[in-house]
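Enquirer: Here's a structure for you.
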Amino acid sequence: MLPKEVMQEVQQHLLTFEHEGISIIETSHRSESFQQIVDSLEERLRRVMKIPENYAVLWLQGGATLQFSMIPMNLRKRKRFAYVDTGIWSKKAIKDARLFGQVDLLYPRIDETGEMSFDLSLVQEVDYLHVTLNNTIEGTRFTDIPETNVPLIADASSNILAEQIDVERFGIIYAGAQKNIGPAGLTVVIIRRDLIQSAELPSYLHYASHVDTLFNTPSTFSMYVAERVLKWIEDCGGVEAMERLNRKKSETLYTFLEQSNLFSSLVSGKRRSLTNVPFTTSDSESDRRFEQFARERGLHELGGHRSVGGLRASLYNAMPIEGVDRLVEVMKAFEEETYVSHQNI
C-alpha cells in the first residue's frame, strides 16, 4: 500500500508538475526541478533514519536482487563471505555470492523465547557478514543485531522505515523500495564510504559510480513518490511512530491467531515479524476458500508466497490499523461460517 494522501498528490501531478505544464513522469532527471526532488529525498531519508555523513546514499535499480551480486563484487578482498541463512531470500543472496568467492554459512539457533541467535566464532577472515533483517516469506525477523569485527551487511527490504535501525551498526543497508518507501523500480543502498573501494567492474556495478550523483537515468517516478512517502512518514512522527503502529497492528493480528479455533500463526516468540504474518487454517483447500472469501469482502493479496502456500498478511507502513481490524473481522466471519457448515454436515 501507499498512503492515500500521497496517492492523491501524485494523481494531481500526473498531468502537470509544479505548474510547469509537463507531467512528473515526463520530467528530465537532469532538470533543476527533479534535482530538488533528489536532494529532498536524500535529506528526508537521512533525517528519518539518522544516517551519518560518513555514509553515502545510492539510488539504484535492479531491486535487492541486483545487490545479491553487487555486494560480493565490490567487497571481495579475501573472496570469502559469511551469510546467516534464515530463509528463501538469504538463500538467493548466498547463491549469487558463491559466484565471487567462498561462502561460510551460519544457521540461527532459536531459544525458548523464540529469539534467533548464532555462533559468531564462525565469522573469521571474511570480507563481511550478511543478514536478512526481516523474512517476508517465513515471517521472522532479527531482534538482536550481532556485534562483529567485520562489516555487517543487511537486506532491509521489508522492514526499512517500519522499525528503527541503528545505521552505524552496519557497513551496508540495502532495500527494494516497494514495501515501505514507494513504487517498485527503486533500490536504496546506504553504504559506509570507506567500503567504496576501487575495483575493476562494469561501470554500473561499481558503487563508486553512484556516489553523490545520478550515474544514469533513474526511476524518476519512483523517486518522486518515495520523496512524498518520506514526507508523509515525517509528518506522522517518523520511524518511531511507524514502529509503534506496526507493533500495534501485528499484535492485534497475532492475538487473534492465538485465540482462533481455525486459524493459526506459523511463527511464535520474539522472532515474529512486525510486517509479514504468515498463517493458515491447516488445510490448503480451506486456505484457498478463505482467500476468495476475503477478496469478495475487499481484502486482497492474502495468499502466501508461491513457494510455501498458505496465507500471509503484509502490514507495511501505509496499512492503517483499520485494515487489520477489518481482516480480523473477516477471519472471524469465515471461522463462524466454517463451523456452521461443519455442524450442518
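The values are calculated or read from the model by the stated rules, or taken from the named source; none is laboratory data. Remember, predicted model here, so these are calculated numbers, not experimental data. No Cβ is skipped: glycine too gets one built from the backbone with ideal geometry, and neighbour counts run over all protein chains shown. Accessible surface areas use protein heavy atoms only, side chains included; no ligands, DNA or RNA. Shrake-Rupley method; radii C 1.70, N 1.55, O 1.52, S 1.80 Å.
Enquirer: Could you state the accessible area per residue of the chain in Å², with a 1.4 Å probe and every protein chain left in place?
Expert: Result: 47 Å² of accessible area for each residue.
Enquirer: Right, here's the next one. Nearest 5 percent is fine: what portion of the DSSP beta bridges confined to the chain is antiparallel?
Expert: 60
Enquirer: Another question, then. Tell me which GluC sites (Glu not before Pro) from the range 239-321 have a DSSP coil assignment and no more than 16 other beta carbons within 10 Å of their own.
Expert: Of the GluC sites (Glu not before Pro), the ones in loops of the range 239-321 whose Cβ has at most 16 other Cβ atoms within 10 Å are GLU296, GLU301.
Enquirer: Rounded if a/c is under 1.5, else prolate if a/b is larger than b/c, else oblate: which is the range 189-309, with a ≥ b ≥ c the root eigenvalues of its Cα gyration tensor?
Expert: Since a/c reaches 1.5 and a/b is larger than b/c, the shape of the range 189-309 is classed as prolate.
Enquirer: If a/c stays under 1.5 just call it rounded; otherwise compare a/b with b/c (prolate if a/b is bigger, oblate if not). Do that for the range 141-241, with a ≥ b ≥ c from the square roots of the Cα gyration tensor eigenvalues.
Expert: In terms of gyration-tensor shape, oblate.
Enquirer: Another question, then. With charges set only on the Cβ (+1 for Lys and Arg, -1 for Asp and Glu), what does the dipole of the range 10-51 come to about its Cα centre, in debye to the nearest 20?
Expert: Value, rounded to 20: 320 debye.
Enquirer: Test of understanding: in a Gaussian network model of the chain with alpha carbons linked when under 10 Å, which of ARG306, ARG228, ARG244 would top the mean-square fluctuation ranking?
Expert: Between ARG306, ARG228, ARG244, it is ARG306 that shows the largest mean-square fluctuation.
Enquirer: Give me the percent of the accessible area of the chain that comes from carbon and sulfur atoms, probe 1.4 Å, all protein chains in place.
Expert: That share works out to 48 percent.
Enquirer: Name the residues whose placed amide hydrogens come within less than 5 Å of the amide hydrogen of ASN276, ignoring near sequence neighbours (fewer than 5 apart) on the same chain.
Expert: LEU315
Enquirer: If you work out mean projected area of the Cα convex hull in nm² from the coordinates, which of (1) 18.7; (2) 21.6; (3) 29.0 do you get?
Expert: Only one option fits the structure, namely (1).
Enquirer: Let me know the shape class of the range 270-339, please: from the alpha-carbon gyration tensor, a ≥ b ≥ c as square roots of the eigenvalues, rounded when a/c is under 1.5, otherwise prolate if a/b is greater than b/c, or oblate.
Expert: oblate
Enquirer: Set the Förster radius R0 to 25 Å, insert the Cβ-Cβ distance between ARG78 and ASP212 as r into 1/(1 + (r/R0)^6), and round the FRET efficiency to 0.05.
Expert: 0.35
Enquirer: Mind listing the long-range amide H neighbours of LEU106? Cut-off is under 5 Å, sequence gap 5 or more, other chains count too, H placed in the peptide plane at 1.01 Å from N.
Expert: Under 5 Å from the amide H of LEU106 lie the amide H atoms of TYR83, VAL84, ASP85, each far enough along the sequence or on another chain.
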